[in-house]
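Down below is the structure, laid out as structure tokens.
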Amino acid sequence: MIITSCGNSVVLAKKIAKQLKCKFSPLTIKSFPDGDIYLKYNTNLKKQKVVIVQSFQPHADMSLFDIIFAAETAKDLGAKKVILVAPYLGYMRQDKRFHSGECISSRVMAKLLNNSVDKLITIDPHIHRYKSLKDIFTIPAVNLTANNLIADYIEKHFKNEVIIGPDWESYQWAEAIAKRINVEATVLKKERFSSRHVEVKIVKKIPISMKNVVIVDDIISTGHTVIEAAKKAKQFGARSISVIGVHGLFVENALMKLRKAGIKNIITTNCIEGKTAKIDVGSLLVRELKKEKR
Ligand code: R5P
């Protein structure tokens, strides 16, 4: 088995390779002067299982494009199976045509991957209107969750805490995590007016006054969802407010905005690498990939 990456998730890819005792061989990816992609493998792939570890951030479009070229090239060079490990799978939020004429990006992304890779392994993909990854993937698609890792992190680092999920979709993280560590949780009702404008309401009241509130969500993108949830927690007398996201995209200066909003700790997993990535998902991926080594 050979582990590679198109440029994102390199630290994670190396870590996985080391634990699996496999070779890590990075790809060379450059652009020709006109912008066309240049891609080269630097090791022999004949009859190998090739694992491409690549989250869809930064640059979702380029990431997808690189994956398709890398997968097709691996097959062309004789790889016997191409597995995509995308700890953060992009495009999943556009899962319906919200306005007429729109592209349902998740379906297009899945179609491209179905054509080019043999198997997908991902972590906490944004499944909202789909029931499972099977709704869009025809290839085997494994959906892992970082919930237990997040729960263990909260248990180790927080006291007197309650969990808030900022919107209905977040119940699958917020409530499962709260249950595992036996603390109270509430999921807010969110209304989204645009990519940068959301409003939230508390529907199920739990004691928040003087509690250390941990907001848990799958994706932190512009940060507006978390900021609105933090405002509510503050209004109800929270002692401190922290946030844990599975996927920290932090676009448009989100990190700075979250800090300005008085959020004390900003923590994510290393599904997307960065300063906030304190929860390591490597063990989840290694366990899953070991099945491929048998
Ligand atoms: C949406 O349903 C997701 O679970 C997140 O709440 C959302 O993607 C966060 O986006 P933003 O940080 O831009 O508010």
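General remarks:
- The condition of being under 30 Å from THR222 (Cα atoms), part of a loop (DSSP other than H, G, I, E, B) and open to solvent by 20 Å² or more (accessible area, probe 1.4 Å) holds for only one of PHE69, PHE65, PHE98, that being PHE98.
- Total residues in the range 48-62 satisfying the condition of being open to solvent by 20 Å² or more (accessible area, probe 1.4 Å), outside any helix (DSSP H, G or I) and closer than 17 Å to SER116 by Cα: the figure is 2.
- All conditions but one from (1) under 16 Å from ILE177 (Cβ atoms); (2) over 16 Å from the mean Cα position of the chain (by Cα) apply to ARG259; the one that does not is (1).
- Within the range 73-92, residues that are open to solvent by 10 Å² or more (accessible area, probe 1.4 Å) sit with their Cβ atoms under 7 Å from residues that are hydroxyl-bearing (Ser, Thr, Tyr) and not in a loop (DSSP other than H, G, I, E, B), at 6+ positions apart or across chains, in these pairs: TYR91/SER105; TYR91/SER106.
- Residue check, LYS159 within 27 Å of VAL251 (Cα to Cα) and open to solvent by 70 Å² or more (accessible area, probe 1.4 Å): no
- Flag if GLU199 is more than 6 Å from the ligand (Cβ to nearest atom), of a type in the set (D, E, K, R), under 16 Å from LYS264 (Cα atoms) and in contact with a strand residue (DSSP E or B) (Cβ under 7 Å, 6 or more places away or on another chain): no
- Here is the figure for the range 112-156: residues that are more than 16 Å from LEU89 (Cα to Cα) and open to solvent by less than 20 Å² (accessible area, probe 1.4 Å) total 4.
- Residue in the range 273-285 that is out of contact with any Lys or Arg (no Cβ under 9 Å at 6 or more places or on another chain) and within 16 Å of the ligand (Cβ to nearest atom) present: yes
- Some residue of the range 34-51 being at pLDDT 95 or above and under 27 Å from ASP218 (Cα atoms): yes
- Unmet criterion (only one of (1) of a type in the set (A, V, I, L, M, F, W, C); (2) in contact with a helix residue (DSSP H, G or I) (Cβ under 9 Å, 6 or more places away or on another chain); (3) within 16 Å of the ligand (Cβ to nearest atom)) for PHE98: (2)
- Matching residues, the range 213-238, being of a type outside the set (A, V, I, L, M) and either within 15 Å of the ligand (Cβ to nearest atom) or surrounded by 21 or more Cβ atoms within 10 Å (Cβ to Cβ) (or both): ASP217, ASP218, SER221, THR222, GLY223, HIS224, THR225, GLU228, LYS231, LYS232
- Among the residues of the range 101-111, those that are outside any helix (DSSP H, G or I) and either open to solvent by 70 Å² or more (accessible area, probe 1.4 Å) or touching a residue at least 40 places away in the same chain (Cβ under 8 Å) (or both) comprise GLY101, CYS103.
- Residues satisfying the stated conditions in the range 156-187, i.e. of a type in the set (A, V, I, L, M, F, W, C) and within 14 Å of the ligand (Cβ to nearest atom): ILE164, TRP168, TRP173, ALA174, VAL187
- Any chance LYS205 is more than 16 Å from the ligand (Cβ to nearest atom) and open to solvent by 70 Å² or more (accessible area, probe 1.4 Å): yes
The values are calculated or read from the model by the stated rules, or taken from the named source; none is laboratory data. Everything numeric in this text was worked out from a predicted model, so none of it was measured. Neighbour counts are summed over all protein chains in view; Cβ atoms, including those assigned to glycine, are modelled from backbone coordinates with ideal geometry. Side chains included, ligands, DNA and RNA excluded: accessible areas come from the protein's heavy atoms. Shrake-Rupley method; radii C 1.70, N 1.55, O 1.52, S 1.80 Å.
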